[in-house]
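Accompanying notes for the structure given below.
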Amino acid sequence: MSPSVLIVDDSKSVSSVLKQYLIELGLDNISVCDDPLLALSQIKNDLTAFDAVFIDLHMPGLDGLEMMHQLDNLNYRGGVIIISGLDQKIIDLAENIIKTTQLKLLGTATKPFSLSVLAFLVKRIRYIRNKAYPKADFIKRRELVDSLKNKYIVPYYQPKINCRFDTMLGVECLARIDVTGRGRISPDNFIPVAEKFGLYDEFFELLLHQALKDYVNFSLTHNTKSPLSINILPNQLNSDKLLYQIDNAIEKSLFPIEMLMLEITEHQALHTQAQLKNLNRLRINGIKLSLDDYGAGFTNLGQIKNLPLNEVKLDAKMVNGIALDPLLEVICRSTQEVTSALGLQFIAEGVESEKDLAVLEKLGVDGFQGYGICRPKPIDEFERWFQVWNRESESSRYRN
């Protein structure tokens, strides 16, 4: 089913042009409203009626910024896209204001419209719609509590590889949990439950301790200094607790702090003073930072330079099928140019096909991660994979 979209603009001609573009891009469930008050009433009657709303900033009676403020008060959780032909400084300010709310700002469509920009926004609309209607079989709170109590947390590991030089740039820790009677459960089925019931901190602490212990042994055995990455949520940066958890785990495991990288998911905005302060504190203490799922959330290329990052990871949705999609190639190339200029490592996630890999290598991507390289594995299986890969890599380097 196609995502449902509402266009709110007092200019019927602008709405007509935008609607036609969206139809060309594969959307067929599009509503148009030239009255922001009427649009608010429609959304209030059914908060799930529209997966995304395009909103013009400059409208008589109720401007777009105020409409978005009221959408936030209604707890609207679809995507929001700004429409505007105003000065870029005004648009930037509006974006920054919206990012202080709980709204999902997907981007801005400036007038006159660019088909390539709209295509990118449509991909984001489809992405958040899939996230809003997951097929995951969520575990129950009681099951998660029992798994945490019994420490049934199982770290899985997946490498980031530079194929040109046959080197391992890093390893990401991805969690699984064991649930009695259900077997091993993937993150999509328990992370939302952990967040909802305030159990994420406990889960993260257990995962962190086990992962650092595993990786200390792995790095010593195989003489590697490739960083270990662990995912954190932006809201963990709102307090000092994260720093204390990391200090405690590093002290107990004797893990080299310079080998730790934290991957920050991009599905929530980074905007509070506390978040930015704690990001800087992490970097000051020698911990590396990676922006995960870039292209699927809130951060744009212009904002990357203001975050104390070491790495940017392009979301799998922007990678899968890149060999057949010129727009994805443009997005990847522009991201590579910016990250290269800023001295950041650029990783493509979700690499599954050799054709996509060839295009990504041509575009100058630093490293690759995905099922086409290596599936996530528990530590014993990952070590066996690494031994085979390392022998083959050494042989390849020797031949060259």
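A short reminder: the numbers here are calculations on the coordinates, not readings from a lab. These figures come from a predicted structure and were not determined experimentally. For neighbour counting, all protein chains shown are included, and Cβ atoms are generated from backbone atoms with ideal geometry for every residue, glycine included.
Count charges around Leu289 for me, please; just the other residues with Cβ under 9 Å from its Cβ, Lys/Arg as +1, Asp/Glu as -1. Please list the in-between numbers first.
Details: positive: Arg283, Lys288; negative: Glu263, Glu311.
Value of the local net charge: 0.
In the stretch 77-168, what percentage of the DSSP-assigned beta bridges are antiparallel, given to the nearest 5?
25 percent
Name the residue from Leu363, Leu344, Leu289 whose Cα lies farthest towards the positive end of the charge dipole of the stretch 141-399, charges +1 on Cβ of Lys and Arg and -1 on Cβ of Asp and Glu.
Leu289
If R0 is 41 Å, what FRET efficiency do you get for Asn223 and Glu337 from their C-beta distance, rounded to 0.05?
Details: r = 35 Å, r/R0 = 0.84.
The calculated FRET efficiency here is 0.75.
For the stretch 183-200, take each phi angle, set θ = phi - 60°, evaluate the Karplus expression 6.51 cos²θ - 1.76 cosθ + 1.60, and give the result in whole Hz per residue in order, putting x for glycine and proline.
Result, rounded to whole Hz: x, 8, 10, 7, x, 4, 9, 10, 4, x, 5, 4, 5, 4, 9, x, 10, 5.
Between Glu392 and Lys149, what is the spin-label point distance in nm, taking each point 7 Å from the Cα along the Cα→C-beta axis?
It is 4.5 nm.
Any chance you could give the angle, 0 to 90 degrees and rounded to 10, that helix 64-73 forms with the longest Cα principal axis of the chain?
Taking the Cα atoms of the chain, the angle to 64-73 is about 60 degrees.
Which whole number of Å³ per residue matches the convex hull of the alpha-carbon atoms in the stretch 4-132?
On the way: hull volume 12.0 nm³, N = 129.
So the per-residue hull volume is 93 Å³.
Can you tell me what share of the DSSP beta bridges in the chain is antiparallel? A percent to the nearest 5 is fine.
30 percent
Going by alpha carbons, how many degrees (0 to 90, nearest 10) lie between the helix axis of 326-342 and the longest principal axis of the chain?
The angle comes out at about 60 degrees.
Rank Gln42, Leu121, Ile379 by how far each Cα sits towards the positive end of the charge dipole of the chain (+1 on Lys, Arg Cβ; -1 on Asp, Glu Cβ) and give me just the farthest.
Most positive-ward Cα: Ile379.
Pull out the extension gain between Trp385 and Asp188, defined as 0.36 nm times the separation in residues minus the alpha carbon to alpha carbon distance; nm, one decimal. List each step's numbers first, then the result.
Values: separation 197, 0.36 × 197 = 70.92 nm, distance 2.48 nm.
Value of the extension gain: 68.4 nm.
Can you give the angle from 0 to 90° between the axis of helix 36-45 and the longest principal axis of the chain, with both taken from C-alpha atoms, to the nearest 10?
On a 0 to 90 degree scale, this one is about 60.
Distance in nm between label sites at Leu327 and Asn73, each 7 Å beyond Cα in the beta-carbon direction?
Those two pseudo-labels are separated by 3.5 nm.
Give, as a single signed number, the net charge of other residues whose beta carbon lies under 14 Å from the beta carbon of Leu208, with Lys and Arg counted +1 and Asp and Glu -1. Write out the running numbers ahead of the final one.
Working: positive: Lys151, Lys213, Lys241, Lys252; negative: Glu172, Asp201, Glu202, Glu205, Asp214, Asp247, Glu251, Glu263.
Charge balance in the 14 Å sphere: -4.
Which whole-number percentage describes the relative contact order of the stretch 4-132, with Cα contacts under 8 Å and a sequence gap of 6 or more?
Working: 188 pairs, mean separation 31.0, N = 129.
It rounds to 24 percent for the stretch 4-132.
Among Tyr244, Tyr76, which comes first, then next, by fewest other beta-carbon atoms within 10 Å? Intermediate values should be presented prior to the final figure.
Values: Tyr244 11, Tyr76 21.
Result, fewest neighbours first: Tyr244, Tyr76.
How much length is gained if the chain between Lys12 and Arg281 is pulled fully straight, taking 0.36 nm per residue apart and subtracting their Cα-Cα distance, in nm to one decimal?
Working: separation 269, 0.36 × 269 = 96.84 nm, distance 4.98 nm.
My answer for the length gained is 91.9 nm.
Taking 30 Å as the cut-off for C-alpha to C-alpha distance, list the pairs among Lys225/Lys313; Lys213/Lys355; Lys99/Lys225; Lys149/Lys313; Lys140/Lys355; Lys104/Lys288 that go past it.
Working: Lys225/Lys313 20 Å; Lys213/Lys355 37 Å; Lys99/Lys225 37 Å; Lys149/Lys313 33 Å; Lys140/Lys355 40 Å; Lys104/Lys288 27 Å.
Violating the 30 Å Cα-Cα cut-off are Lys213/Lys355; Lys99/Lys225; Lys149/Lys313; Lys140/Lys355.
From the backbone phi of the stretch 159-165, what are the Karplus-calculated ³J(HN,Hα) couplings (6.51 cos²θ - 1.76 cosθ + 1.60, θ = phi - 60°) in whole Hz, Gly and Pro given as x?
x, 10, 10, 9, 6, 5, 10
Where the only charges are on Cβ atoms (+1 Lys, Arg; -1 Asp, Glu), what is the dipole of the chain about its Cα centre, to the nearest 20 debye?
Numbers: 45 positive and 51 negative charges, 151 e Å.
Charge dipole, the chain, about its Cα centre: 720 debye, nearest 20.
At a 10 Å Cβ-Cβ cut-off, how would you order Lys104, Lys362, Lys19, fewest neighbours first?
On the way: Lys104 22, Lys362 10, Lys19 17.
So the ranking, lowest neighbour count to highest, is Lys362, Lys19, Lys104.
Got the relative contact order for the chain handy, in percent, Cα pairs under 8 Å and 6 or more residues apart?
Reported as a whole number, the value is 12 percent.
Quick one: net charge around Leu276, please, counting Lys, Arg +1 and Asp, Glu -1 for every other residue with C-beta under 13 Å from its C-beta.
Net local charge, Leu276 excluded: +4.
As a check on your grasp of the helix formula, calculate [θ] at 222 nm for the chain: sum -39500 (n - 2.57) over DSSP H runs of n ≥ 4, divide by the residue count, round to the nearest 500.
Rounded to the nearest 500, it is -14000 deg cm²/dmol.
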